[in-house]
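Student: Before anything else, here's the structure in question.
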Amino acid sequence: MTTRLASPRWRFRAMAPSEPNQNPFQGEFFSADLPERFIRESVQNSLDARAGREPVTVRFTISGLRRAVKPERAQRYLNGLRPHFEAVLQAEDAQVGSDRGRRRELRRRKALFDGALPFLLVEDFGTTGLQGDISANDIRAQGNDFWGFFRSIGISPKGEDAGGSWGLGKWVFPDASRLNAFLGLTKRSHERRFLLMGQAMLKLHEIEDRKYPPHGFFAAGSGKEDRDWLPMPVMSMGPRGDIRTHRQANGGHFVREAIADFGLRSAGEAGTSVVIPHPMDELTDPRNLSYAVIRQYFYPIIAGDLVAEIVSPGHPRVTIDGRSIADAARRVASVAKDDPEQQAEALVSVIELARWGLSQSHGLVAADGRRNKPAIAPDQVPRLRERYQNGERLAFRVHSKVHGKPNSFHVFLERDDSLSSGHDYYVRGHLHIPRMDYLTRHNARALVVVDNKSDLGHLLRDAEGPSHETWRADAPRLKEKGWPAAATRVREVQHAAARILDALVEKPAQVQRDALSDLFPGSAGERRGPGSRGIRPSPISPTDKPRFRVNRVQSGFELRPNATHDLSGEVLRVRMAYDVARGTTKTAFTRFERGLRAGCPDFSLGDSQLTMKSHECEPEIRSENEVHVRVRGPDFSFRVTGFDERDVVVKVLPLSPDAAGPKQG
C-alpha cells in the first residue's frame, strides 16, 4: 500500500537563530519601468535557451477577468502562501501610520486570496526548456538552467555567450506579481514529462514567533521537515515518460489540471511557461508589452531570431516579426514617453537602418576603433564624405583588439538633418543596451552592433550591470576577469560612431578652431562661432597679458606660465572636456557631467589612457576631468596627452592655496 503524500503547496523554511537577517534588494539594480524590465529579462532567458536555428517565439497572454482561474480552483495554486503573505502585510500595516491610502492598498492585497486568479502568462517555443539535474543544489552547477532559475540568486550558470550573466534577472517575475510570486512549468527537449515549480520573494517575516526568510517555494509534497526539505518540482510522469510511483501519478494529475487552468503549452512542445498571478496593472495593457518588445528587441526580430506574440481578451492577437515590426511600432506610439528616441518615428527609423545593415554582408568599409589611429583611412575620407553628405547610408566594420587578438564590430550610419541631436543605439548579441548617448554633436543616426560570441562581446558583457542598460568603463567585473585595457576597449566602442562622423563631417572653409581653447575667468559663457580660434579675449595691452597659457601639443595640451609672471605657491584648477559642435563651453562640460553620472565619462584622468607630466608643480586629480596644479617654481609646466582627435576645451582658474580643499570622493 502506497502512502498518499501531501498535495503540492507553498513552503518557507524556518530560519535558524544564527542566520543573518536580509530583505530582498535585487530590485534596486533595475531602473527601467516594469514593462520594459519584464520584457527584457523574460525574452533574454528565452533567447539564451534557443534550441536550434529556427526563431524563438515568445507569447505573452493576458488573462483578464474573462480567462481568470475560478476562485474554487485558484486555491490549489495558493495553498500555503497566504499565512506568509499576510504576515508580511501585517508588518507593513504596523509601519504605515496614518497613511490611509497605503492601508487600503494592503487590504486589497490581502483580498487577492479570496477571488478569481487573473494572470499573465509568458511562454517560449523553439527553446530547450530548463535543462539540468533537478535535484542539484550546487554553486558549481554550470549549465544547469533549472538550478539557475529556481535555486540561485546572484549566481548564473549561463555560459559566456549568453545575454544574461548576473543571476538577478528572474527577480522581475515576483516583482511583476501583486503576490510577489510566480509559477514555472518547463518541458525539456528529449523528455516527455512536465516539471512544475514556483517561487515567492516576500520579506523577512514571523509567524508564531518563528522567523522565515523572504523566499519560499511551490513544490511537490514531502514528509520531511522544512529544514531538511529540498523543494522538488511537481512531475507529470517519470523521467522516461512512465508513471511509476503514486507520488508521480498524483503529480501528473495536478500538472494536467494546471495546464488546463492556465491554458499552457500542449504536449510535445519543449520550452518554459511562467505564470504571473495577479500581475501589476501596467502589465495588463497589451500596448505596453508590444512597445517594450519593440524597444528592447528590435534587432533580433529583424534578424529573424525572435517572434513575439501578445494575446489579450478583447484585442486581436498581435504578432511582431521582421515584416510587421514597423507597423506595430506606429500602432503603439501612444504609450511612448516624452523622450524623442521613444517616439514611433525614431523607432521606425532605427528599425529600417537595422534592416538595411543586416543586408550589408559585403562591402563594409574598414574603420579603426583605436584612438591613436585615424577612424577612417585618409584616402577614403573624401569619397565617404561625399556619400554621407548625399544622404547615403554607410556600413563599417570597426577593428579592435582584445587579448592581442583581432576583433571587430559593426557601425551603421545615416544622416538625418531633422534630428536636433544624434540618436545612437547599441546592441550586444540580441540585447539592446539603451542608456547610452554619445552622438549629441551630429545630426545622424547610428547603430552599433557587437557579436556576443566574440572576445569583445564577452568583455562588454562584463562591463554591464545586472540591468544590462549601459557599458561602464570602470565596471568592477572587468578588473575581476582580468581584461587588459578594458576601459579603453569600452570607450572605443562607445565613441566609434562619433569618431567616424567627425571624419565625415566636412570642416568649414575658414580657419579651423584650435584643438584647445584657453578659458580665463569670466569667459566660460562666451559662444564660439564657426572658424573662431577657441575663445579669444579682447585685445589687451602687454601689462594685461594673462599670467598663464595653454599650448596645443600632440593629442593633448600643456599649461605654462607667461614669461613675466612667477606663479610659485599658487594653485590652478584645470578642467577639461571634449568640445561640442553646438553650444557654449558650458555645454561641453555639461555633456561630460552627464556621461559621468551615467557611469561612462568620455575620459578619466585616472585611466591609463591619459598621461600627465609635470615639472616644478604637483598635480592632484580631483575628479575624472579636473586636476589641481600646485605650482612650485617659476618655470613650471603641466602636460596631459592621450586624448582622441576630437577638440578639447580646457578651463583654467586660479585658486588660493587654501581654496583647493580636500580631494573629492
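The values are calculated or read from the model by the stated rules, or taken from the named source; none is laboratory data. Everything numeric in this text was worked out from a predicted model, so none of it was measured. Heads up, the Cβs are rebuilt from the backbone with ideal geometry, glycines too, and the neighbour counts pull from every protein chain shown. Calculation scope for accessible area: heavy atoms of the full protein, side chains included, ligands and nucleic acids excluded. Shrake-Rupley method; radii C 1.70, N 1.55, O 1.52, S 1.80 Å.
Student: Considering only residues of segment 536-579 that are modelled with pLDDT of 80 or more and of a type in the set (S, T, Y), which is surrounded by the fewest Cβ atoms within 10 Å (Cβ to Cβ)?
Tutor: Among them, the one singled out is S568.
Student: Which pairs do you get when a residue that is at positive phi, found in segment 467-478, comes within reach of a residue that is at pLDDT below 85 and not charged (D, E, K, R), reach meaning Cβ atoms under 9 angstrom, with the pair 6+ apart or on two chains?
Tutor: Going by the 9 Å Cβ cut-off, the qualifying pairs are H468/G163; H468/G164; H468/S165; H468/W166; H468/G169.
Student: Sticking with this structure for a sec: Can you confirm whether A249 is open to solvent by less than 60 Å² (accessible area, probe 1.4 Å) and either part of a loop (DSSP other than H, G, I, E, B) or at pLDDT below 90 (or both)?
Tutor: yes
Student: What pairs can you find where one residue is in segment 416-429 and open to solvent by 10 Å² or more (accessible area, probe 1.4 Å), the other is among the acidic types (D, E) and not in a loop (DSSP other than H, G, I, E, B), and their Cβ atoms are less than 7 Å apart, with a gap of 6+ or different chains?
Tutor: From residues that are open to solvent by 10 Å² or more (accessible area, probe 1.4 Å), the pairs are H423/E341.
Student: Run Q296 past the list (1) over 25 Å from S63 (Cα atoms); (2) part of a helix (DSSP H, G or I); (3) at pLDDT 90 or above; (4) not β-branched (V, I, T) and report the number of the one that doesn't hold.
Tutor: For Q296, the failing item is (1).
Student: Criterion first (within 15 Å of L196 (Cα to Cα), touching a residue at least 12 places away in the same chain (Cβ under 8 Å) and either β-branched (V, I, T) or not in a loop (DSSP other than H, G, I, E, B) (or both)) does S273 satisfy it?
Tutor: The answer is yes for S273.
Student: State which residue is farthest from G569 (Cα to Cα) when the search covers only segment 594-625 and only residues that are surrounded by fewer than 17 Cβ atoms within 10 Å (Cβ to Cβ), charged (D, E, K, R) and modelled with pLDDT of 90 or more.
Tutor: K613
Student: Quick one: is E341 modelled with pLDDT of 95 or more and not hydroxyl-bearing (S, T, Y)?
Tutor: Considered against the rule, which asks whether it is modelled with pLDDT of 95 or more and not hydroxyl-bearing (S, T, Y), E341 comes out as no.
Student: Can you find a residue that is under 20 Å from H190 (Cα atoms) and modelled with pLDDT under 70 anywhere in segment 230-239?
Tutor: Within segment 230-239 (the criterion being under 20 Å from H190 (Cα atoms) and modelled with pLDDT under 70), the answer is yes, since at least one residue qualifies.
Student: Could you give me the residue pairs with C-beta distances under 9 Å whose first residue belongs to segment 443-464 and is closer than 25 Å to D502 by Cα and assigned to a helix (DSSP H, G or I), whose second residue is modelled with pLDDT of 95 or more and of a type in the set (G, A, S) wherever it lies, and which are 6+ apart or on separate chains?
Tutor: L456/S408
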